[in-house]
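Peer 1: Here it is, the structure, as structure tokens.
The values are calculated or read from the model by the stated rules, or taken from the named source; none is laboratory data. In this text, all values refer to a predicted model and were calculated from it rather than measured experimentally. Backbone-built Cβ (ideal geometry, glycine too); neighbour counts: all protein chains shown.
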Amino acid sequence: MTIPAGLTQGQFDNALGEFREAVGSDWVFTIDEHIAMYKDYFSPLMNTDLQPIPSAAVAPKNVEEVQHVLRVANDYRIPLWTISTGKNYGYGGPDARVNGSVIVDLKRMNKILELNEEHAYALVEPGVSHYDLWLEIRRRGYRLWTDGPSPAYASIIGNTMERGAGYGLLGERAAAQCGMEVVLANGDVVRTGMGANSNAETWQQYKHGFGPSFDGMFFQSNFGIVTKMGVWLIPEPPTFRSAEVYVENYEDIIPLIDVMRPLRHANVIANSATAGPNRGGHVEGAQGPGGGLPPGPPGAGGPPPGPPGWRARLGFYGYDRVVETNWEEVQDAYASTIPGVSFHSEKYTAPYNPDTMLTESKLAAGIPSFQESSLWNHGGTFVSMVMNFTGETYWDFMQTYDSLYQEYGMRYMGGPLHMHTPRSMMTLAGVPLSPTDAAANQRAIELVERLIQTSAEKGWSEYRTPLVFMDHAMKSFDFNNHALKRFNETIKDTLDPNGILSPGKNGIWPQGMREDQA
Amino acid sequence: MRKLTLSAITLLCTLPFAATAQESTLEAGERIYMARCEYCHGEGPQKGGTMMLHRRYGDSKPAVLHMRTDLLPDYIRNIVRTNTPGMTPVRITEVSEQELDALIAFLTRNNTN
């Protein structure tokens, strides 16, 4: 049994007893068989001594039990690692960063506390998945759409806190968040935004509150445990059109992006558009948001079957005439710029029947389809870079990455591009991992660290990264002698002086555990 | 199959999360299956589990999990709780031991042996 550093077996046994008092003995897991369920089976550290092993997992059912768990952890100085559903695959799953951490599993906090059709929002607990919410909306017959990743077993709160992406009108998931409740390390419970007024009627309608806004502080951080969150939903549009734009040549990615940019800025393309490599024209339900990707992690592999063409995926929503006009304008813009461009589109009108919708249309309609599960099922680690929304930038990115991949015997021919933030692009580059070959995975880690470093020099930054690269990514945010890192640490030390909450999350270490203090 | 899908959707439309007092073990198992397994193992395109099982067994066994008649309880328990290629463990906080028993009852309901 692994126990937290600095504790004797007797002290840890006492702490486990207190955890059992906090959440009930059925919800404290310590045997190996149970601990193995809290392991990331896609970790680059698989089959090495470096992959952290939890000492236990505890699963509180409500805020009071979360507070009790925090009291015990503070008393014994036990590092915790909080997960909502632990489905952050490709980025670490349920893994902690520190050996012997106690996993705080929030899956049992699974209530949809409010579902409001009139104002189009939900208030949820961390254990509620996108799929759970989608089912509940259908059960009630509400005319609301959700948005989110296609592997919809992901927690809404967890995925939003990681700034995940969907494909519809609210694909920038962090922007769909409105109001949260957070338990701080000292047990205090804070509500952000208008929720700080005990009688608030706009907690889920008005984001900013009074004075400083702290919601952003709890994204990708370890400053508190989010126990409730408001999430905006989409009023069902009268008409929905899903559309794809196909270009034949590898170089066509440049105008494909550049034509999209002003249309996206102007909300003519209002959804979280995507683009990606495509081989062989329209294929119904083609794998992944990029469409037609070869098997394996996005963009990686070798030898390639030759340069791909590309596909962009778009969605149009609203009144019929607006939808049709916008789609016509988009086609005109592309047809007048790229020779050989072609289009495929499907139009749907309310009431919608998900069972008869094309698989590829479901993504932009927020219907769980689990299409993207194949991205990580093959075993790979992600590099997720945010960059300028220009074709020239992406071309430079592909050349830069391809030359580095080639040093490791692979090619990079482009991966899925997400335009979920209208003024920038995010692209995924995958590096394959082996479930058995730790040495090969060490080479993959080396490649990713070089990709991150080279990207930083080019001005491209990670928006999210697997656990093993968090310190490396944080180092690339280096303005003014790493002022952001020092600011994070100041907040960490103030809010969590014992350093119990998810040490190392996104490169934020508590005092006593920092590299420069070791 | 069509009949099952319809009854399952009816169940979902009444209660996706909690069990009712009158719910039988088989009904509970079907509800859990629809909420936790069907999205990957059901019928239709882009169901990862179904695609993987089809690759593994071809036409020798149904690729859609709830149409199988040869799944043994211990095998199901093992697949659910441990890591297997393409399927990570389902934790007790996601499907409790009692829910897993009901799920097993549902998936073995038509077993021939």
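Peer 1: I need a count of the residues in region B:77-102 that are part of a helix (DSSP H, G or I), under 23 Å from A:Trp27 (Cβ atoms) and not polar (S, T, N, Q). Walk me through it before giving the result.
Peer 2: Initial filter on region B:77-102 (part of a helix (DSSP H, G or I)): B:77-81, B:97-102.
Then drop every residue that is not under 23 Å from A:Trp27 (Cβ atoms), which leaves B:77-78, B:80-81, B:97-102.
Next, from what is left, pick out any that are not polar (S, T, N, Q): B:77, B:80-81, B:97, B:99-102.
Going through region B:77-102 one residue at a time, the tally reaches 8.
Peer 1: I've got another one for you. Name the residue that is modelled with the highest pLDDT, counting only residues in region A:365-383 that are in contact with a Leu (Cβ under 7 Å, 6 or more places away or on another chain) and hydroxyl-bearing (Ser, Thr, Tyr).
Peer 2: Narrowing region A:365-383 to residues in contact with a Leu (Cβ under 7 Å, 6 or more places away or on another chain): A:369, A:371, A:379-383.
Adding the requirement that they be hydroxyl-bearing (Ser, Thr, Tyr) leaves A:369, A:381.
Values: A:Ser369: 75, A:Thr381: 87.
By that ranking, first place goes to A:Thr381.
Peer 1: Which one of these does A:Gly17 not meet: (1) more than 14 Å from chain B (Cβ to nearest Cβ); (2) within 30 Å of the chain's Cα centre (by Cα); (3) surrounded by fewer than 21 Cβ atoms within 10 Å (Cβ to Cβ)?
Peer 2: Just one mismatch for A:Gly17, condition (2).
Peer 1: Pick out the one residue from A:Ser242, A:Ser198, A:Ser150, A:Ser155 that is over 25 Å from A:Thr85 (Cα atoms), surrounded by 20 or more Cβ atoms within 10 Å (Cβ to Cβ) and of a type in the set (S, T, N, Q).
Peer 2: Working: A:Ser198 fails: surrounded by 20 or more Cβ atoms within 10 Å (Cβ to Cβ); A:Ser150 fails: over 25 Å from A:Thr85 (Cα atoms); A:Ser155 fails: over 25 Å from A:Thr85 (Cα atoms).
Criteria check complete, one pass: A:Ser242.
Peer 1: For region B:66-80, give me each residue that is within 14 Å of chain A (Cβ to nearest Cβ) and buried (at least 19 other Cβ atoms within 10 Å of the Cβ).
Peer 2: B:Val80, the sole residue that qualifies.
Peer 1: Can you find a residue in region A:467-483 that is surrounded by 14 or more Cβ atoms within 10 Å (Cβ to Cβ), touching a residue at least 60 places away in the same chain (Cβ under 8 Å) and farther than 17 Å from A:Arg97 by Cα?
Peer 2: For region A:467-483, residues surrounded by 14 or more Cβ atoms within 10 Å (Cβ to Cβ), touching a residue at least 60 places away in the same chain (Cβ under 8 Å) and farther than 17 Å from A:Arg97 by Cα: absent.
Peer 1: Select from region B:23-35 the residues that are in contact with a Phe, Trp or Tyr (Cβ under 8 Å, 6 or more places away or on another chain) and within 14 Å of chain A (Cβ to nearest Cβ) and list them in ascending order.
Peer 2: B:Ile32, B:Tyr33, B:Ala35, listed by residue number.
Peer 1: Mind checking which residues of region A:22-38 are facing chain B (nearest Cβ under 10 Å) and surrounded by 20 or more Cβ atoms within 10 Å (Cβ to Cβ)? Please lay out each step first, then the result.
Peer 2: Keep residues of region A:22-38 that are facing chain B (nearest Cβ under 10 Å), which gives A:26-27, A:29, A:33-34, A:36-38.
A:Phe29, A:Met37, A:Tyr38 - these are the residues of region A:22-38 that are facing chain B (nearest Cβ under 10 Å) and surrounded by 20 or more Cβ atoms within 10 Å (Cβ to Cβ).
Peer 1: So which residues in region A:33-74 are of a type in the set (Asp, Glu) and not in a loop (DSSP other than H, G, I, E, B)? Don't jump to the end; show me each part of the working.
Peer 2: Just the residues of region A:33-74 that are of a type in the set (Asp, Glu), to begin with: A:33, A:40, A:49, A:64-65.
Of everything in region A:33-74, those that are of a type in the set (Asp, Glu) and not in a loop (DSSP other than H, G, I, E, B) turn out to be A:Glu33, A:Glu64, A:Glu65.
Peer 1: Looking only at region A:335-358, which residues are over 11 Å from A:Phe240 (Cα atoms) and not hydrophobic (A, V, I, L, M, F, W, C)?
Peer 2: Hits for region A:335-358 are A:Ser336, A:Thr337, A:Pro339, A:Gly340, A:Ser342, A:His344, A:Asn353, A:Pro354, A:Asp355, A:Thr356.
Peer 1: Would you mind finding the one in A:Leu501, A:Leu451 that is of a type in the set (A, V, I, L, M, F, W, C) and within 29 Å of A:Tyr412 (Cβ to Cβ)? Let's see the steps before the verdict.
Peer 2: Details: A:Leu501 fails: within 29 Å of A:Tyr412 (Cβ to Cβ).
Result: A:Leu451 is the single residue among A:Leu501, A:Leu451 that is of a type in the set (A, V, I, L, M, F, W, C) and within 29 Å of A:Tyr412 (Cβ to Cβ).
Peer 1: In region A:430-441, is there at least one residue being of a type outside the set (S, T, N, Q) and within 16 Å of the chain's Cα centre (by Cα)?
Peer 2: Yes, region A:430-441 has at least one match.
Peer 1: Being within 12 Å of another protein chain (Cβ to nearest Cβ) and in contact (Cβ under 8 Å) with a residue 40 or more places away in the chain is the filter here, so list the residues in region A:91-113 that pass it.
Peer 2: First pass over region A:91-113, keeping only residues within 12 Å of another protein chain (Cβ to nearest Cβ): A:93-95, A:103-112.
Within region A:91-113, A:Gly93, A:Pro94, A:Asp95, A:Ile103, A:Val104, A:Asp105, A:Leu106, A:Lys107, A:Arg108, A:Met109 qualify.
Peer 1: Still on this structure, please answer the following. Using the structure shown, decide if A:Tyr121 is surrounded by fewer than 24 Cβ atoms within 10 Å (Cβ to Cβ), out of contact with any strand residue (DSSP E or B) (no Cβ under 8 Å at 6 or more places or on another chain) and touching a residue at least 60 places away in the same chain (Cβ under 8 Å).
Peer 2: Working: surrounded by fewer than 24 Cβ atoms within 10 Å (Cβ to Cβ): yes; out of contact with any strand residue (DSSP E or B) (no Cβ under 8 Å at 6 or more places or on another chain): no; touching a residue at least 60 places away in the same chain (Cβ under 8 Å): yes.
For A:Tyr121, the condition - surrounded by fewer than 24 Cβ atoms within 10 Å (Cβ to Cβ), out of contact with any strand residue (DSSP E or B) (no Cβ under 8 Å at 6 or more places or on another chain) and touching a residue at least 60 places away in the same chain (Cβ under 8 Å) - is not met.
Peer 1: Hey, another quick one. Looking only at region B:67-101, how many residues end up being in contact with a helix residue (DSSP H, G or I) (Cβ under 6 Å, 6 or more places away or on another chain), in contact (Cβ under 8 Å) with a residue 40 or more places away in the chain and more than 20 Å from A:Asn110 (Cα to Cα)?
Peer 2: Summing the residues that are in contact with a helix residue (DSSP H, G or I) (Cβ under 6 Å, 6 or more places away or on another chain), in contact (Cβ under 8 Å) with a residue 40 or more places away in the chain and more than 20 Å from A:Asn110 (Cα to Cα) in region B:67-101 gives 1.
Peer 1: What's the number of the condition A:Asn62 fails, among (1) touching a helix residue (DSSP H, G or I) at 6+ places or on another chain (Cβ under 8 Å); (2) surrounded by fewer than 24 Cβ atoms within 10 Å (Cβ to Cβ); (3) farther than 23 Å from A:Gly512 by Cβ?
Peer 2: (1)
Peer 1: Which condition number in (1) closer than 30 Å to A:Glu114 by Cβ; (2) crowded, with 22+ Cβ neighbours inside 10 Å; (3) of a type in the set (Gly, Ala, Ser) is the one that A:Gly216 fails?
Peer 2: Among (1) closer than 30 Å to A:Glu114 by Cβ; (2) crowded, with 22+ Cβ neighbours inside 10 Å; (3) of a type in the set (Gly, Ala, Ser), A:Gly216 violates only (2).
Peer 1: Considering only region A:499-518, state which residues are buried (at least 19 other Cβ atoms within 10 Å of the Cβ) and not aromatic (Phe, Trp, Tyr).
Peer 2: So the first thing to find is which residues in region A:499-518 are buried (at least 19 other Cβ atoms within 10 Å of the Cβ), and the list is A:499-510.
Hits for region A:499-518 are A:Gly499, A:Ile500, A:Leu501, A:Ser502, A:Pro503, A:Gly504, A:Lys505, A:Asn506, A:Gly507, A:Ile508, A:Pro510.
Peer 1: Has region A:463-474 got any residue that is more than 20 Å from the chain's Cα centre (by Cα) and not aliphatic (A, V, I, L, M)? Break it down stepwise before answering.
Peer 2: Taking region A:463-474 as the starting set, the residues that turn out to be more than 20 Å from the chain's Cα centre (by Cα) are none.
Scanning region A:463-474, I find no residue that is more than 20 Å from the chain's Cα centre (by Cα) and not aliphatic (A, V, I, L, M), so the answer is no.
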